[in-house]
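Engineer: I'd like to ask you about the structure that follows.
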Amino acid sequence: MAIFFAAFALRYVVLVERADDPFFTALGIDSRDYHEAALRHVGGEATTAPYFHPPLYVWFMSAIYYVFGAVPAKVQFVQALIGAASCVLTFVIARRAFVTPAIAWIAAGITCFHGTLIYYDGQVLPGSLDVFLQLGALGALLAAGPQRGQVCLWIGGVFLALGAIHRGDALLMAPV
(Lines give C-alpha, C1' and ligand atoms only; values in the text may rest on other atoms or scores of the structure.)
Protein backbone atom coordinates (compact mmCIF):
# COMPACT_ATOMS: atom_id res chain seq x y z
CA MET A 1 0.00 0.00 0.00
CA ALA A 2 2.89 2.38 0.76
CA ILE A 3 4.24 1.93 -2.76
CA PHE A 4 0.82 2.54 -4.31
CA PHE A 5 0.08 5.67 -2.29
CA ALA A 6 3.57 7.14 -2.81
CA ALA A 7 3.41 6.53 -6.56
CA PHE A 8 -0.13 7.84 -6.87
CA ALA A 9 0.59 10.93 -4.74
CA LEU A 10 3.53 11.80 -6.97
CA ARG A 11 1.50 11.33 -10.14
CA TYR A 12 -1.42 13.29 -8.73
CA VAL A 13 0.83 16.21 -7.74
CA VAL A 14 2.20 16.28 -11.30
CA LEU A 15 -1.36 16.33 -12.70
CA VAL A 16 -2.39 19.17 -10.39
CA GLU A 17 0.77 21.18 -11.03
CA ARG A 18 0.43 20.85 -14.79
CA ALA A 19 -3.34 21.43 -14.95
CA ASP A 20 -2.90 25.03 -16.17
CA ASP A 21 -0.02 24.32 -18.52
CA PRO A 22 -1.29 24.65 -22.13
CA PHE A 23 1.43 22.29 -23.37
CA PHE A 24 0.10 19.64 -21.00
CA THR A 25 -3.65 20.15 -21.38
CA ALA A 26 -3.70 20.59 -25.16
CA LEU A 27 -4.15 17.27 -26.88
CA GLY A 28 -1.47 16.32 -29.38
CA ILE A 29 -2.20 14.62 -32.67
CA ASP A 30 -2.42 11.04 -31.38
CA SER A 31 -4.15 12.10 -28.17
CA ARG A 32 -6.74 14.00 -30.18
CA ASP A 33 -7.28 10.95 -32.42
CA TYR A 34 -7.90 8.75 -29.37
CA HIS A 35 -10.17 11.38 -27.80
CA GLU A 36 -12.27 11.82 -30.94
CA ALA A 37 -12.54 8.07 -31.49
CA ALA A 38 -13.65 7.60 -27.88
CA LEU A 39 -16.26 10.35 -28.27
CA ARG A 40 -17.60 8.66 -31.40
CA HIS A 41 -17.64 5.32 -29.61
CA VAL A 42 -19.53 6.74 -26.61
CA GLY A 43 -21.92 8.51 -28.99
CA GLY A 44 -22.84 5.17 -30.55
CA GLU A 45 -21.26 5.77 -33.91
CA ALA A 46 -20.29 2.40 -35.29
CA THR A 47 -17.38 2.32 -37.67
CA THR A 48 -16.65 -0.25 -40.33
CA ALA A 49 -13.27 1.24 -41.11
CA PRO A 50 -10.19 -0.50 -39.75
CA TYR A 51 -8.64 0.99 -36.65
CA PHE A 52 -5.71 3.32 -37.24
CA HIS A 53 -4.57 2.72 -33.65
CA PRO A 54 -5.07 -0.51 -31.69
CA PRO A 55 -8.63 -0.48 -30.29
CA LEU A 56 -8.18 -1.26 -26.60
CA TYR A 57 -7.09 2.24 -25.61
CA VAL A 58 -10.11 3.73 -27.39
CA TRP A 59 -12.37 1.29 -25.54
CA PHE A 60 -10.61 2.14 -22.28
CA MET A 61 -11.16 5.87 -22.85
CA SER A 62 -14.75 5.25 -23.94
CA ALA A 63 -15.50 3.43 -20.70
CA ILE A 64 -14.04 6.29 -18.66
CA TYR A 65 -15.95 8.86 -20.72
CA TYR A 66 -19.16 6.89 -20.40
CA VAL A 67 -18.90 6.61 -16.60
CA PHE A 68 -17.24 9.91 -15.64
CA GLY A 69 -17.85 12.25 -18.57
CA ALA A 70 -15.87 13.05 -21.70
CA VAL A 71 -13.03 14.96 -20.06
CA PRO A 72 -9.43 13.97 -20.87
CA ALA A 73 -8.38 14.88 -17.30
CA LYS A 74 -10.45 11.93 -16.06
CA VAL A 75 -8.40 9.62 -18.28
CA GLN A 76 -5.21 11.13 -16.89
CA PHE A 77 -6.46 10.55 -13.32
CA VAL A 78 -7.30 6.89 -14.03
CA GLN A 79 -3.91 6.47 -15.70
CA ALA A 80 -2.26 7.87 -12.56
CA LEU A 81 -4.02 5.09 -10.63
CA ILE A 82 -2.86 2.54 -13.20
CA GLY A 83 0.69 3.90 -13.02
CA ALA A 84 0.67 3.51 -9.24
CA ALA A 85 -0.64 -0.04 -9.64
CA SER A 86 2.23 -0.72 -12.07
CA CYS A 87 4.68 0.26 -9.33
CA VAL A 88 3.06 -2.31 -7.03
CA LEU A 89 3.22 -4.95 -9.77
CA THR A 90 6.91 -4.16 -10.23
CA PHE A 91 7.47 -4.77 -6.53
CA VAL A 92 5.53 -8.06 -6.62
CA ILE A 93 7.37 -9.30 -9.71
CA ALA A 94 10.79 -8.37 -8.32
CA ARG A 95 9.92 -9.96 -4.97
CA ARG A 96 9.06 -13.24 -6.69
CA ALA A 97 12.03 -13.13 -9.05
CA PHE A 98 14.77 -12.21 -6.58
CA VAL A 99 15.68 -13.55 -3.15
CA THR A 100 16.61 -10.21 -1.60
CA PRO A 101 13.62 -8.00 -0.65
CA ALA A 102 15.79 -4.90 -1.10
CA ILE A 103 15.85 -5.52 -4.85
CA ALA A 104 12.05 -5.41 -4.96
CA TRP A 105 12.02 -2.11 -3.05
CA ILE A 106 14.64 -0.64 -5.36
CA ALA A 107 12.74 -1.78 -8.46
CA ALA A 108 9.48 -0.34 -7.12
CA GLY A 109 11.25 2.90 -6.21
CA ILE A 110 12.72 3.25 -9.68
CA THR A 111 9.30 2.63 -11.22
CA CYS A 112 7.67 5.04 -8.79
CA PHE A 113 10.05 7.93 -9.46
CA HIS A 114 10.88 7.28 -13.12
CA GLY A 115 10.23 10.54 -14.95
CA THR A 116 9.21 9.01 -18.26
CA LEU A 117 6.64 6.75 -16.63
CA ILE A 118 5.22 9.66 -14.63
CA TYR A 119 5.09 11.81 -17.76
CA TYR A 120 3.20 9.22 -19.82
CA ASP A 121 0.80 8.47 -16.96
CA GLY A 122 -0.29 12.09 -17.37
CA GLN A 123 -0.69 11.98 -21.13
CA VAL A 124 -3.74 10.86 -23.06
CA LEU A 125 -1.69 8.15 -24.70
CA PRO A 126 -1.66 4.35 -24.30
CA GLY A 127 1.79 3.98 -22.72
CA SER A 128 0.73 3.57 -19.09
CA LEU A 129 -1.94 1.00 -19.96
CA ASP A 130 0.64 -0.90 -22.00
CA VAL A 131 3.06 -1.05 -19.06
CA PHE A 132 0.29 -2.17 -16.71
CA LEU A 133 -0.92 -4.96 -19.01
CA GLN A 134 2.60 -6.29 -19.62
CA LEU A 135 3.42 -6.25 -15.91
CA GLY A 136 0.07 -7.87 -15.10
CA ALA A 137 0.76 -10.71 -17.53
CA LEU A 138 4.27 -11.24 -16.22
CA GLY A 139 3.15 -11.06 -12.58
CA ALA A 140 0.35 -13.57 -13.08
CA LEU A 141 2.61 -15.99 -14.95
CA LEU A 142 5.28 -15.76 -12.26
CA ALA A 143 2.65 -16.41 -9.58
CA ALA A 144 1.57 -19.66 -11.22
CA GLY A 145 2.58 -22.64 -9.16
CA PRO A 146 1.17 -25.96 -8.02
CA GLN A 147 -1.41 -24.36 -5.69
CA ARG A 148 -2.97 -21.77 -7.99
CA GLY A 149 -1.37 -22.57 -11.34
CA GLN A 150 -4.46 -22.78 -13.53
CA VAL A 151 -6.03 -19.58 -12.20
CA CYS A 152 -2.80 -17.59 -12.51
CA LEU A 153 -2.14 -18.93 -16.00
CA TRP A 154 -5.67 -17.96 -17.01
CA ILE A 155 -5.27 -14.43 -15.56
CA GLY A 156 -1.88 -14.13 -17.28
CA GLY A 157 -3.51 -15.17 -20.55
CA VAL A 158 -6.22 -12.53 -20.13
CA PHE A 159 -3.60 -9.84 -19.49
CA LEU A 160 -1.60 -11.08 -22.47
CA ALA A 161 -4.69 -11.06 -24.74
CA LEU A 162 -5.64 -7.56 -23.61
CA GLY A 163 -2.05 -6.49 -24.19
CA ALA A 164 -2.21 -7.91 -27.71
CA ILE A 165 -5.44 -6.02 -28.43
CA HIS A 166 -3.77 -2.95 -27.01
CA ARG A 167 -0.44 -3.33 -28.80
CA GLY A 168 0.26 -6.25 -31.10
CA ASP A 169 3.89 -6.67 -30.07
CA ALA A 170 2.65 -8.01 -26.72
CA LEU A 171 2.36 -11.33 -28.49
CA LEU A 172 6.15 -11.53 -28.50
CA MET A 173 5.85 -12.45 -24.82
CA ALA A 174 3.51 -15.40 -25.56
CA PRO A 175 6.24 -17.99 -26.21
CA VAL A 176 7.95 -17.07 -22.95
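Engineer: So how much slack lies between ASP20 and ALA102, counting 0.36 nm per residue of separation and subtracting their Cα-Cα distance, in nm?
Structural biologist: Value of the extension gain: 25.7 nm.
Engineer: Express the accessible area of the chain per residue in Å², computed with a 1.4 Å probe while the remaining protein chains stay in the model.
Structural biologist: For the chain, the per-residue accessible area is 57 Å².
Engineer: Rule-of-thumb check for the range 62-115: C-alpha Rg over 2.2 N^0.38 Å?
Structural biologist: 1.49
Engineer: Taking the chain, how much of its Cα-Cα pair set, in percent, is spaced more than 29 angstrom apart? Intermediate values should be presented prior to the final figure.
Structural biologist: Values: 3770 of 15400 pairs.
In whole percent, the long-distance tail amounts to 24.
Engineer: How are the Cα pair distances of the range 44-134 distributed, in percent, across 10 Å bins from 0?
Structural biologist: 16, 39, 27, 13, 4, 0
Engineer: At 222 nm, what value in deg cm²/dmol follows for the chain if DSSP H runs of at least 4 each add -39500 (n - 2.57) and the sum is divided by all its residues, to the nearest 500?
Structural biologist: -24000 deg cm²/dmol
Engineer: Find me the longest stretch of the chain that has none of the exposed chymotrypsin sites (Phe, Trp or Tyr not before Pro), where exposed means in a DSSP loop (not H, G, I, E or B) with at most 14 other Cβ atoms within 10 Å.
Structural biologist: The answer is 99-176.
Engineer: First compute the accessible area of the range 27-163 with a 1.4 Å probe, then give the percent of it belonging to carbon and sulfur atoms.
Structural biologist: Carbon with sulfur: 70 percent of the solvent-accessible area.
The values are calculated or read from the model by the stated rules, or taken from the named source; none is laboratory data. This one's a predicted model, so the numbers in the text were calculated from it and none came from an experiment. Methodologically, a virtual Cβ is constructed for each residue, glycine included, from the backbone with ideal geometry; neighbour enumeration extends over all protein chains shown. All accessible areas refer to the heavy atoms of the entire protein, side chains included, with ligands and DNA or RNA removed. Shrake-Rupley method; radii C 1.70, N 1.55, O 1.52, S 1.80 Å.
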